[in-house]
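To start, the structure itself, in structure tokens.
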Protein chains: 4
Amino acid sequence: MNLPRKLRMGMVGGGRGAFIGAVHRMAARLDGEIELVAGCFSADPAKSRASGADLHLDPARVYGTYEEMVARESALPADQRIDFVSIVTRNNTHFPVAKAFLEAGFHVVCDKPLCFSLAEGRKLREVVRRTGRVFALTHNYTGYPMVKEAREWVRTGRLGKLLKVVVEYPQGWLSTRLEATGQKQAAWRSDPKKSGAAGAMGDIGTHAENLAEYITGLKIHELAADLTAFVDGRPLDDDGNVLLRFEGGAKGVREAPRAAAPR
Amino acid sequence: MNLPRKLRMGMVGGGRGAFIGAVHRMAARLDGEIELVAGCFSADPAKSRASGADLHLDPARVYGTYEEMVARESALPADQRIDFVSIVTRNNTHFPVAKAFLEAGFHVVCDKPLCFSLAEGRKLREVVRRTGRVFALTHNYTGYPMVKEAREWVRTGRLGKLLKVVVEYPQGWLSTRLEATGQKQAAWRSDPKKSGAAGAMGDIGTHAENLAEYITGLKIHELAADLTAFVDGRPLDDDGNVLLRFEGGAKGVREAPRAAAPR
Amino acid sequence: MNLPRKLRMGMVGGGRGAFIGAVHRMAARLDGEIELVAGCFSADPAKSRASGADLHLDPARVYGTYEEMVARESALPADQRIDFVSIVTRNNTHFPVAKAFLEAGFHVVCDKPLCFSLAEGRKLREVVRRTGRVFALTHNYTGYPMVKEAREWVRTGRLGKLLKVVVEYPQGWLSTRLEATGQKQAAWRSDPKKSGAAGAMGDIGTHAENLAEYITGLKIHELAADLTAFVDGRPLDDDGNVLLRFEGGAKGVREAPRAAAPR
Amino acid sequence: MNLPRKLRMGMVGGGRGAFIGAVHRMAARLDGEIELVAGCFSADPAKSRASGADLHLDPARVYGTYEEMVARESALPADQRIDFVSIVTRNNTHFPVAKAFLEAGFHVVCDKPLCFSLAEGRKLREVVRRTGRVFALTHNYTGYPMVKEAREWVRTGRLGKLLKVVVEYPQGWLSTRLEATGQKQAAWRSDPKKSGAAGAMGDIGTHAENLAEYITGLKIHELAADLTAFVDGRPLDDDGNVLLRFEGGAKGVREAPRAAAPR
């Protein structure tokens, strides 16, 4: 893809110590058509500034809050301000940040999961419709060549009519109570106030659900789930098994164990 | 294993055109400690005789009915009569045949599944207890070296405490309505009067259940199953997905698709 | 295969502590058409008798030397004497044993490798031609279903014209100097006087060569080999890499490491 | 890695229709520390300009010849001129281009293979020593996580002392005479005047050699190769099998078939 000019990208979240922001930046860089020019990389302004310096950004475009970023970017001339923002914060802030940028006229790329609750998701749908901006939700695995190939096999009928769908996403890093050590990634993912109502099923089960629907082109319309927290004292599930029924009659199972073997 | 003499084995079922009888005979021959000496290989006496001749048996010990076999073998001197019988008939005759041999004092090896119904199974348990004979139910996969090795890994703690058990038994030969062509193996397995209440789940799902419990040493105590007949007009399930809960807290899923891809 | 009667088999070698004799016996038992009735299972007569008893043989047909076995079996009535003998001794006795049975009119099944030297192999060819008896050399891997399937893929053109053949037979059990512990299997295989001029390449490389030619239907006509004894003090190779050229132009490599990783 | 400023990169080769240039650009972009600012993307000046426009470069820094690029970049102020050049041309021009940039004081990254001949390689070594510039030769596979992991397993002794090294690089795209259709990548790779004395062995066998030495940390010191051109009329090898001997006594085989199965 060759665009007439590089697109200007901003980012909210993704500072030092974060995980998925760096993945978004690598993905944005790969084809040379996007340039990161602004960001609010942390709720801590000093950390945000340090992160912006790591990224060789102009300090004038590294912000302390996302509200400041919306205001200041909106005030820039059209040929300088960002074209879109990438939101890579924790689940509980996706909605307010997305809403602010959409209503200021910016397009939004947001990491999964969509929002913190079903109610937030419905409100976000309304904002997107009203503003007419692009809202893209990223599930990074759909970018892998093998996933594209699998989807093509289904689409072109190479696998025939699909009757059965089995999808697994095994992890092992939370097989012990890592959150009790203060490890940042484990801590917020095990905290219902930051992660939401679902643990492993919300964090990685969403990838399994996304891949199942993306590759097969089928929609899940019924399910029965057995969620478990194997690690003592963990308030959110670290394992889940799900029976799936798809529109059109296919059946399936989904598994998302996070407390599997350590490696 | 070296025995002081070869054991004398009889067989009910397993004549020309049958499937599992030949597997029992191969298993019995492998270590050279068992000799097949008698049998009733078919409900059709002519076919039973022809099958006995194929196996180089003395025609005097090839019988037309299992009742005749019980009577005539019981009348032979102790150093000639069979030590045990292998039952490899269709599901709906396991119980009466086993009962007859047990009550005549013979040990019994019977292919899975146990019986045609839960009620029959309970009656059989009573007969076994009363007669004090050995009753062995064969699930042939437990004999594979890799299965033994897996069980040993669990038993010796190499895999740690088991939290999650996933077991699959995919087949594809019934992905079309093969039973409508008169194919013998497909016909009785798709007929509730001969196969019992379960299709794929009873026929191959039992193997998956057996392997899960055999390898892990855990017992299933709760389950939720989603059974499907994907092939139009088939009265028994040809696919099943099951959520499993084991004693001690492990969770799992079991799959037994029989209408998977043809190969 | 149904024969009019069971074939009567004898065995030379394969007593207590031996390896390949038991494999020959299992293979012979599998289809129920062959019965082991006689044998000389060891150069030690007491061990031969004990091995015969393990196998439930008539003591009158368990012999102390192969010469005695040839003489006594030849003297039995035609409807009692063995039809063929299976030779499962060490490499250095294949030739004299085979010659004795062939010249007495018995058919011979002999385990690989053919003989101890090229000169012996040529003499054996002459004996076989003169006596008109069947001489079968066993390489047991050709019996595996996957090998048969691979050969069928080649034969029916599913793989196209073959240009390149890569064949590997990795083992690890001789990665230490096991022969120094007196382990019987290791000791004779590492002794040029019993095993012959080649170590790993003669013992397992022959299987690789056999499979390459059996599956592809091509004949090797030129080769260059790099043989190594990695274990200090071992007089025979425990590793080999070979460049292969086949009739018709295909090229290939063969590997037979015996000092690979222990497991 | 965070540098105080982004490095400025130039490129020679890699214009429209080229293959490896785009890989170098993606690799350079991934961590955000390198910026492509200049290039001579083709021996055809119009194509070079069009390629530069695709890449959003300043037209003033897109050159028609590499000699012009060396002269004009050298004349720029130190805080604007490129820091290094990436050479992604065909094998026969690696040497003159590298020499020109090195002698003008630029660092060089050059794609494999090093040069067109051993003589060129030796001259290049002399230029690098004299100029004191960095000369990096890229074999892209060393960047894969699995390769790094394998090397770490060797380095930390997890695999023990290495005795045997087997390395394969199978391809199939030249299994027909693709070069006869005018396909650009096939044409120059099959032409000894552009590719050099070796075909598959030089183009992909070099990767196999690089990975073998990179992962094991061992150096090849002797080899015997069997090179073949399976496709009629091809002047360079499209298959090769090699026996390897490493310093320290390890042995190995290397394979680089390019005329393997089409997929």
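Of note:
- Condition met for D:ASN2 (touching a helix residue (DSSP H, G or I) at 6+ places or on another chain (Cβ under 6 Å) and farther than 29 Å from A:ASP54 by Cα): no
- Single condition A:ARG130 does not satisfy, out of (1) touching an Asp or Glu at 6+ places or on another chain (Cβ under 9 Å); (2) buried (at least 18 other Cβ atoms within 10 Å of the Cβ): (2)
- Some residue of the range B:77-98 being free of Cβ contacts under 8 Å to residues at least 40 places away in the same chain, surrounded by fewer than 21 Cβ atoms within 10 Å (Cβ to Cβ) and among the acidic types (Asp, Glu): yes
- D:ALA186 more than 9 Å from chain C (Cβ to nearest Cβ) and closer than 23 Å to C:LEU163 by Cα: yes
- Number of the condition not met by B:ARG72 [criteria: (1) touching a helix residue (DSSP H, G or I) at 6+ places or on another chain (Cβ under 9 Å); (2) assigned to a loop (DSSP other than H, G, I, E, B); (3) of a type outside the set (Phe, Trp, Tyr)]: (2)
- Condition broken by B:VAL242, with the remaining ones in (1) assigned to a loop (DSSP other than H, G, I, E, B); (2) within 14 Å of chain A (Cβ to nearest Cβ); (3) hydrophobic (A, V, I, L, M, F, W, C) satisfied: (1)
- Here is the figure for the range A:207-230: residues that are surrounded by fewer than 18 Cβ atoms within 10 Å (Cβ to Cβ) and of a type in the set (Val, Ile, Thr) total 0.
- Selected residue [within 14 Å of chain D (Cβ to nearest Cβ), in a helix (DSSP H, G or I) and buried (at least 16 other Cβ atoms within 10 Å of the Cβ)] from A:GLY39, A:GLY52: A:GLY52
- Looking across the range A:100-121, the residues that are assigned to a loop (DSSP other than H, G, I, E, B), under 15 Å from A:SER195 (Cα atoms) and in contact (Cβ under 8 Å) with a residue 24 or more places away in the chain come down to A:LYS112, A:PRO113, A:CYS115, A:PHE116, A:SER117.
- Boolean, C:VAL62 is of a type in the set (Val, Ile, Thr) and either touching a helix residue (DSSP H, G or I) at 6+ places or on another chain (Cβ under 7 Å) or free of Cβ contacts under 8 Å to residues at least 12 places away in the same chain (or both): yes
- Against the criterion of being modelled with pLDDT of 95 or more and in contact with a strand residue (DSSP E or B) (Cβ under 6 Å, 6 or more places away or on another chain), B:ARG81 does not qualify.
- Selection count where residues are in contact (Cβ under 8 Å) with a residue 40 or more places away in the chain and away from every other protein chain (no Cβ under 13 Å), scope the range A:155-169: 1
- Here the condition is being away from every other protein chain (no Cβ under 13 Å), under 20 Å from D:PRO257 (Cα atoms) and in contact (Cβ under 8 Å) with a residue 60 or more places away in the chain; of C:THR216, C:THR206, it holds for C:THR216 alone.
- Residue match in the range C:160-176 (condition: more than 16 Å from the chain's Cα centre (by Cα), of a type in the set (S, T, N, Q), surrounded by 14 or more Cβ atoms within 10 Å (Cβ to Cβ) and closer than 17 Å to C:ASP237 by Cβ): yes
- Any hit, the range C:18-34, residues being assigned to a loop (DSSP other than H, G, I, E, B) and away from chain B (no Cβ under 14 Å): yes
The values are calculated or read from the model by the stated rules, or taken from the named source; none is laboratory data. Just so we're clear, the structure is a prediction, and the values are computed from it rather than from any experiment. Positions of Cβ are backbone-derived with ideal geometry, glycine not excepted, and every protein chain shown enters the neighbour counts.
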